Amino acid sequence: MPDRAPAGDHHGPDHGPDHGHGHHHDHGPEVEAVDWRSALREKGYRLTPQRELILAAVDSLGHATPDEVLAKVQETASTVNASTVYRTLEVLEELGLVRHAHLTDRAPTYHSVRGHEHFHLVCRACHAVTSVAAAEAAPFIEVLGAKGFVPDLGHLTVFGRCANCEGVS
């Protein structure tokens, strides 16, 4: 099987680091690594040890920037570099194994699709991130559907202030 990179590899390591925000995540039903391998093979990719490490890092971190994924992977594989992480995250996203959202104005944040589809609430004051199940946005989805629009909630990020920062108990 060929071990190819997708065309248009244009997200390089020019994204800055993303630090200082809280993470909240939920893990849904687990999908076995063998399923990753078959999904990759069907599209002409192999689940190389590096790809498996990167996918596992995204899973364990919940929500992570490429730099955070790189740091996690380098705990066990110090030879993996930033360009490999960026390229692999793109491949994994193309295959539907990870998604990204823009939770800050800096680097994209990646998360696994192995749980439920969700969107994100980000507090501008304390930077806490809350995952919300897509089903909770049903009325909003219906309004958009009436306009002939189907939203991609996995990329949706709503910015505002959390109850703690607003002083609401």
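Go through the range 125-166 and give me each residue that's assigned to a loop (DSSP other than H, G, I, E, B) and touching a residue at least 40 places away in the same chain (Cβ under 8 Å).
Initial filter on the range 125-166 (assigned to a loop (DSSP other than H, G, I, E, B)): 125-128, 147-152, 156, 161-162.
Ala125, Cys126, His127, Ala128, Leu156, Cys162, listed by residue number.
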With criteria (1) at pLDDT 85 or above; (2) surrounded by fewer than 14 Cβ atoms within 10 Å (Cβ to Cβ), Cys162 comes up short on (2)
Which one is surrounded by the fewest Cβ atoms within 10 Å (Cβ to Cβ) among residues in the range 40-56 that are over 20 Å from the mean Cα position of the chain (by Cα) and assigned to a helix (DSSP H, G or I)? Glu42
Those residues of the range 98-109 which are in contact with a strand residue (DSSP E or B) (Cβ under 7 Å, 6 or more places away or on another chain) and over 15 Å from Gly62 (Cβ atoms) amount to His102
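Could you check, for the range 48-69, whether at least one of its residues is hydroxyl-bearing (Ser, Thr, Tyr), farther than 22 Å from Asp152 by Cα and touching an Asp or Glu at 6+ places or on another chain (Cβ under 8 Å)? Step through it out loud before you land on a result.
First, the residues of the range 48-69 that are hydroxyl-bearing (Ser, Thr, Tyr): 48, 60, 65.
If we keep only those that are farther than 22 Å from Asp152 by Cα too, we end up with 48, 60.
In the following step, the residues that additionally are touching an Asp or Glu at 6+ places or on another chain (Cβ under 8 Å) were identified as 48.
The answer is yes, given that some residue of the range 48-69 is hydroxyl-bearing (Ser, Thr, Tyr), farther than 22 Å from Asp152 by Cα and touching an Asp or Glu at 6+ places or on another chain (Cβ under 8 Å).
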Among residues belonging to the range 110-125 that are modelled with pLDDT under 85 and of a type in the set (D, E, K, R), point out the one that is nearest to Tyr86 (Cα to Cα). Arg114
Of the numbered conditions (1) touching a strand residue (DSSP E or B) at 6+ places or on another chain (Cβ under 9 Å); (2) at pLDDT 75 or above; (3) more than 23 Å from Asp105 (Cβ to Cβ), Thr76 fails exactly one; give the number of that condition. (1)
Do we have Val122 as of a type in the set (Val, Ile, Thr), closer than 25 Å to Leu47 by Cβ, touching a residue at least 40 places away in the same chain (Cβ under 8 Å) and in contact with a Leu (Cβ under 8 Å, 6 or more places away or on another chain) here? no
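One line per residue, one yes/no per condition, for (1) part of a strand (DSSP E or B); (2) more than 12 Å from the chain's Cα centre (by Cα); (3) β-branched (Val, Ile, Thr); (4) buried (at least 19 other Cβ atoms within 10 Å of the Cβ):
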| site | (1), (2), (3), (4) |
| --- | --- |
| Ser78 | no, yes, no, no |
| Val85 | no, yes, yes, yes |
| Thr88 | no, yes, yes, yes |
| Val91 | no, yes, yes, yes |
| Gly96 | no, no, no, no |
| Arg99 | yes, no, no, yes |
| Asp105 | no, yes, no, no |
| His111 | yes, no, no, yes |
| His120 | yes, no, no, yes |
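The values are calculated or read from the model by the stated rules, or taken from the named source; none is laboratory data. Computed from a prediction, not measured in an experiment: that's the story for all the values here. Counting neighbours? That spans all protein chains shown, and the Cβs are built from the backbone with ideal geometry, glycine included.
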